[in-house]
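The values are calculated or read from the model by the stated rules, or taken from the named source; none is laboratory data. A quick note: this is a predicted structure, and the numbers were derived from the prediction, not measured. Cβ coordinates were reconstructed from backbone atoms using ideal geometry, including for glycine residues, and neighbour counts include every protein chain displayed. Heads up: the accessible areas ignore ligands, DNA and RNA and are worked out on the full protein's heavy atoms, side chains in. Shrake-Rupley method; radii C 1.70, N 1.55, O 1.52, S 1.80 Å.
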Amino acid sequence: HEIYWAKIPEFFGNPITAFYTDDLNHLLIYGRDIPYLSYTDSLEDTFQKKCGYSILENLPALVENLPGCEKIRFDYRQTVMHMFLDNYVMPMHDWCKMHGALPLTGHLSGDEGPMLKSICRFGSAMPFYDCEDIPGIDDYLAARRDNSYMGTAFNDLGFSMIILCKQVSSVANQLKQGNCSSEVLTSLGWGVPVEQQLAQIRFQQGLGINLIIPHDY
């Protein structure tokens, strides 16, 4: 974000009123989330301090069903998630606050599901929402030109817009000021009737979304 502050600081506050971040995650290999595991050089020391034992001595338990593997996997995912939030998301949030008190919003990559993708890419979505000023989601589910996803709890890919909207609106209403955003009309392309586009937006508004971010066509 420093380049914006260096080049156009006079625009902070007007017309720049917020910062939007897109598709954040700590592991993004399109189409493949398993068996890849996130790693960084500071993981060993951080894990030892947080959990009290060595992750390097227990690496097989991350991929093999060994005794005690459940706890080791939970500790690993929890540690990596907090490293992602503490070392990347929160510094970005704090930077925005120090440079004009601009709110941070945006969404993760894969927050729409399924759960396995979410666990691999960022651990859990709701702690991320808490790191934003305006919790945000992506309505990638809407890339169905017939709006079919609105008629079922889960679409054909196993995604649920209902769960996604209620998660983010829950954090927004309990921990923030009630505002939550959604990147809407994702990848629909041209030729979709306006009434159909409005139906998608109103569907989300009915589930608690109140800040609409149009997706690039």
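Which residue is nearest to Ala125 (Cα to Cα), if the candidates are limited to region 56-101 and must be among the β-branched types (Val, Ile, Thr) and either out of contact with any Gly (no Cβ under 7 Å at 6 or more places or on another chain) or open to solvent by 70 Å² or more (accessible area, probe 1.4 Å) (or both)?
Only one residue tops the list, namely Val89.
Return the residues of region 1-10 that are farther than 25 Å from Phe122 by Cβ and open to solvent by 90 Å² or more (accessible area, probe 1.4 Å); say none if nothing qualifies.
Taking region 1-10 first, the residues farther than 25 Å from Phe122 by Cβ are 3, 5-10.
Within region 1-10, Ile3, Trp5, Lys7, Glu10 qualify.
Here's a check for you: in region 58-100, which residue that is more than 19 Å from the chain's Cα centre (by Cα) and acidic (Asp, Glu) is nearest to Pro9 (Cα to Cα)?
Here the answer is Asp75.
Can we say Thr17 is under 22 Å from Glu183 (Cα atoms) and either among the aromatic types (Phe, Trp, Tyr) or open to solvent by less than 60 Å² (accessible area, probe 1.4 Å) (or both)?
no
List every residue pair whose Cβ atoms sit under 8 Å apart, with the two residues 6 or more apart in sequence or on different chains, where the first one lies in region 158-169 and is part of a helix (DSSP H, G or I) and the second, anywhere, is of a type in the set (Gly, Ala, Ser) and surrounded by fewer than 19 Cβ atoms within 10 Å (Cβ to Cβ).
Short answer, once both residue conditions are applied: Ile162/Ala153; Cys165/Gly208; Lys166/Gly208; Val168/Gly208; Ser169/Gly208.
Has region 190-203 got at least one residue that is open to solvent by 60 Å² or more (accessible area, probe 1.4 Å) and under 19 Å from Leu104 (Cβ atoms)?
Scanning region 190-203 turns up no residue that is open to solvent by 60 Å² or more (accessible area, probe 1.4 Å) and under 19 Å from Leu104 (Cβ atoms).
Does any residue in region 129-145 that is of a type in the set (Asp, Glu) come within less than 6 Å, Cβ to Cβ, of a residue that is at pLDDT below 80 six or more places away or on a different chain, and which pairs are these?
Note: pairs meeting the criteria are Asp139/Thr186.
May I ask you to list pairs of residues, at least six apart or on different chains, whose Cβ atoms are under 6 Å apart, with the first in region 79-99 being free of Cβ contacts under 8 Å to residues at least 40 places away in the same chain and of a type in the set (S, T, N, Q) and the second being assigned to a helix (DSSP H, G or I) and open to solvent by less than 60 Å² (accessible area, probe 1.4 Å)?
Thr79/Phe47
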